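Remarks on the structure that follows.
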Amino acid sequence: LDTISRAAPDPSADGVPGMLTTAHPARLKGGSEVVNFTRTLPNGGMHVYRMALSGPRALERQALAFIPDRRKMSPTWVHDFAATDDYAVILEAPIYMNLASLMLGGDKQPKGGLVPGASDYVFMDWVPEDGVRVSVVRLDGSEPTRYYSIADPIFVFHFGNCFLATDDKTGERH
């Protein structure tokens with residue numbers, strides 16, 4: 001009942017910009033915190049944060065990382081992401097929101113669209129030559145965000161789980 005007077009985080013109080021979030025925040029071990037991100041559009045990116053669900057800091061978001069968009073006027077569409085208690089792993093498939101089509105309708109966007117080869121009548125553009133970007137965010141803020149590329153284009157909608165494994169030979173955690 002700590003949050004009875006608030007139904008949602010107060011964006012003006014915590015400095016985490018953006019209103020759009022993923023559909024599925026990741027609940028951390030114990031269930032008292034979640035990780036999620038907001039999105040700023042256009043010329044923005046994803047603002048990763050963690051948030052307590054109860055207690056004196058309930059619904060206060062703690063900014064963790066900013067992941068800039070690969071294409072400033074056509075952000076990738078991310079529906080879900082994976083997380084452990086230590087890391088958030090965000091896969092950006094090469095599917096982009098066509099903001100002009102979304103806001104103006106397909107027949108009103110600039111000739112040729114904002115993404116070369118884009119459809120005139122849909123608000124998502126598939127650009128397989130961009131491959132997939134994987135962003136790994138340390139949830140305690142102790143490491144910079146790491147980026148990896150996967151050349152083969154894949155589309156990811158939901159994740160079943162995420163875990164760290166220890167290499168038996170080296171002792172490294174992956």
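The values are calculated or read from the model by the stated rules, or taken from the named source; none is laboratory data. Every value quoted in this text rests on a predicted model; they were computed, and no experiment measured them. Note that each Cβ is placed from the backbone with ideal geometry, even for glycine, and that neighbours are counted across all protein chains shown.
In the stretch 86-94, is there at least one residue being free of Cβ contacts under 8 Å to residues at least 60 places away in the same chain and surrounded by fewer than 17 Cβ atoms within 10 Å (Cβ to Cβ)? The answer is no; no qualifying residue exists.
Filtering the stretch 80-103 to residues that are part of a helix (DSSP H, G or I) and of a type in the set (S, T, N, Q) leaves only Ser101. Evaluated against (1) closer than 30 Å to Ala52 by Cα; (2) modelled with pLDDT of 90 or more; (3) surrounded by fewer than 13 Cβ atoms within 10 Å (Cβ to Cβ), Val136 falls short on exactly one condition, (3). Of all residues in the stretch 42-61, those that are under 18 Å from Pro25 (Cα atoms) have Cβ atoms under 6 Å from Cβ atoms of residues that are among the basic types (Lys, Arg) and not in a loop (DSSP other than H, G, I, E, B), 6 or more apart or on another chain, in Met46/Arg39; Tyr49/Arg61; Met51/Arg61. Aliphatic (A, V, I, L, M), in a loop (DSSP other than H, G, I, E, B) and in contact (Cβ under 8 Å) with a residue 60 or more places away in the chain - does that describe any residue in the stretch 130-145? Yes - at least one qualifying residue is present in the stretch 130-145. Take the residues in the stretch 96-114 that are among the aliphatic types (A, V, I, L, M) and surrounded by fewer than 18 Cβ atoms within 10 Å (Cβ to Cβ), then tell me which one is modelled with the highest pLDDT. The extreme case among them is Leu99.
Table: residues versus (1) in a loop (DSSP other than H, G, I, E, B); (2) under 11 Å from the mean Cα position of the chain (by Cα); (3) closer than 21 Å to Val136 by Cβ.
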| position | (1), (2), (3) |
| --- | --- |
| Val35 | no, yes, yes |
| Arg39 | no, yes, yes |
| Asn43 | yes, no, no |
| Tyr49 | no, yes, yes |
| Pro56 | yes, no, no |
| Ala63 | no, no, yes |
| Phe66 | no, yes, yes |
| Val78 | yes, yes, yes |
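Among the conditions (1) surrounded by 15 or more Cβ atoms within 10 Å (Cβ to Cβ); (2) at negative phi, the only one that Leu59 does not satisfy is (2).
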